[in-house]
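Structure first, commentary second.
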């Protein structure tokens, strides 16, 4: 079925024990990242969504209990001069996870068909060609054994406005807001069109999208962490590798 963002605007509160359920998901993800280290597996968690939709808060909670050796968060901003001199996917190739690690992208290569499309930073020929380029890029990663989890955080205009105002009112959160946030806000219809086309072209069997209703932060965090935990459970072995004979010999010395 086609993804329709209007289906993710209920903003229903979380009915369970948020603290306990969040802690349980954090433990699951932490164990799964240890599995990645031990079994030399790799994964990408690609996160897109509106400004102030809860992406950062979800990432913070996702890795709160994880071994820092097992993951790296890549906050993606406007490309540098060096990055502009290469194909737009180059800067993402250079950040791909090595065996035993998980790469978390806070904004991604989908900027080509979202912000670059809407803001006129890419020609129509370039962003239309990007759908096939992105699908092939992700297919290559999947064929190389990379588990790909794509999350899109959606909020209504009303929710976004409330959160932007709250940030502006908070002296230690104002740094999160800039003029670009308001320019993007004013072009919401164009972004919605771009998002609909993005989902239609890139919701693939090997890298499907999961939309998160971000209008209630607690529900959104539980939904996002659940999706990540479930996806990594499918991708990574559940059991640790057996102890080596050499280590067993050393262990016997301890009694």
Fill in the blank from the handout: Pairs returned, first residue in region 222-242 that is at negative phi, second residue that is surrounded by fewer than 21 Cβ atoms within 10 Å (Cβ to Cβ) and assigned to a loop (DSSP other than H, G, I, E, B), beta-carbon separation under 6 angstrom, 6 or more apart or interchain, are 222/14
Exercise for the section: Answer yes if at least one residue in region 148-158 is within 22 Å of residue 56 (Cβ to Cβ) and without any contact (Cβ under 8 Å) to a residue 60 or more places away in the chain, and no otherwise. Expected result: yes
Problem - Out of 151, 121, sole residue that is more than 30 Å from residue 229 (Cα to Cα), in contact with a helix residue (DSSP H, G or I) (Cβ under 9 Å, 6 or more places away or on another chain) and not in a helix (DSSP H, G or I) - result: 121
Practice task
With the condition kept exactly as written, say whether any residue in region 10-24 is closer than 20 Å to residue 150 by Cβ and in a loop (DSSP other than H, G, I, E, B).
Solution key: no
Practice task
Out of 207, 194, report the one residue that is surrounded by 16 or more Cβ atoms within 10 Å (Cβ to Cβ), part of a loop (DSSP other than H, G, I, E, B) and either at pLDDT 90 or above or in contact with a strand residue (DSSP E or B) (Cβ under 8 Å, 6 or more places away or on another chain) (or both).
Solution key: 207
Problem - Close pairs from region 13-34: first in contact (Cβ under 8 Å) with a residue 12 or more places away in the chain, partner surrounded by fewer than 18 Cβ atoms within 10 Å (Cβ to Cβ) and not in a helix (DSSP H, G or I), Cβ under 7 Å, at least 6 apart - result: 26/64; 26/65; 27/65; 30/65; 33/67; 34/67
Practice task
Determine if region 112-129 includes at least one residue that is surrounded by 15 or more Cβ atoms within 10 Å (Cβ to Cβ), within 22 Å of residue 203 (Cβ to Cβ), under 13 Å from the mean Cα position of the chain (by Cα) and modelled with pLDDT of 95 or more.
Solution key: no
Completion exercise
Of those in region 41-58 that are surrounded by fewer than 21 Cβ atoms within 10 Å (Cβ to Cβ) and part of a helix (DSSP H, G or I), the residue farthest from the chain's Cα centre (by Cα) is 57
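The values are calculated or read from the model by the stated rules, or taken from the named source; none is laboratory data. Note that this is a predicted model, so its numbers are computed, not measured. Cβ coordinates were reconstructed from backbone atoms using ideal geometry, including for glycine residues, and neighbour counts include every protein chain displayed.
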